[in-house]
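The values are calculated or read from the model by the stated rules, or taken from the named source; none is laboratory data. Values in this document were obtained by computation on a predicted structure and should not be read as measured data. All Cβ positions, even for glycine, are placed from backbone atoms using ideal geometry, and neighbour counts span all protein chains on display.
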Amino acid sequence: MIAFWALAAGMTAAALAFILVPLLRPRAARGPSMEDANLEVLGFATQAAFLLANGIEQLAGAATNDVERVRLAGEARRLMMPGEMGESFKVMALGRDYEAPLSGFAVQDLRRLL
């Protein structure tokens, strides 16, 4: 019975070490901030809006046969649907001294939410 408790204590200590040691390590120094690098946000949108603005529909519609068209439609759906990746992932463009409009943010630009 003592061997069991000793083994359990040892396993608990090992598990805690795997959890606590990474938390106690000093964190790596961060790079310069956006402001330090003199960058501004040029556009911010959901992945779905960005892909729509850049013509994903034409890409999916350019399939040469039905099998490829169905496959591409499924992949586009996965990339764009809110329940999949469309709303979960965001796209941000950073730049310096750039005034031209970015076509990827023509459908949606969420900079006001930042």
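Structure above, values below:
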{"quantity": "When residues of segment 37-76 are limited to those that are part of a helix (DSSP H, G or I) and in contact with a Ser or Thr (Cβ under 8 Å, 6 or more places away or on another chain), the one surrounded by the most Cβ atoms within 10 Å (Cβ to Cβ)", "calculated": "53"}
{"quantity": "Any pair with Cβ under 6 angstrom, 6 or more apart, that starts in segment 85-114 at a residue that is exposed (fewer than 15 other Cβ atoms within 10 Å of the Cβ) and ends at one that is assigned to a loop (DSSP other than H, G, I, E, B) and not basic (Lys, Arg)", "calculated": "94/39; 96/38; 96/39"}
{"quantity": "Selected residue [out of contact with any strand residue (DSSP E or B) (no Cβ under 9 Å at 6 or more places or on another chain), over 30 Å from residue 110 (Cα atoms), loosely packed, with under 10 Cβ neighbours inside 10 Å and at pLDDT 70 or above] from 26, 32, 22", "calculated": "26"}
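Here's the yes/no breakdown for (1) part of a loop (DSSP other than H, G, I, E, B); (2) farther than 19 Å from residue 45 by Cβ; (3) of a type in the set (Lys, Arg); (4) under 15 Å from the mean Cα position of the chain (by Cα):
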position: 78; (1), (2), (3), (4): no, no, yes, yes
position: 82; (1), (2), (3), (4): yes, no, no, yes
position: 87; (1), (2), (3), (4): yes, no, no, yes
position: 93; (1), (2), (3), (4): no, no, no, yes
position: 107; (1), (2), (3), (4): yes, no, no, no
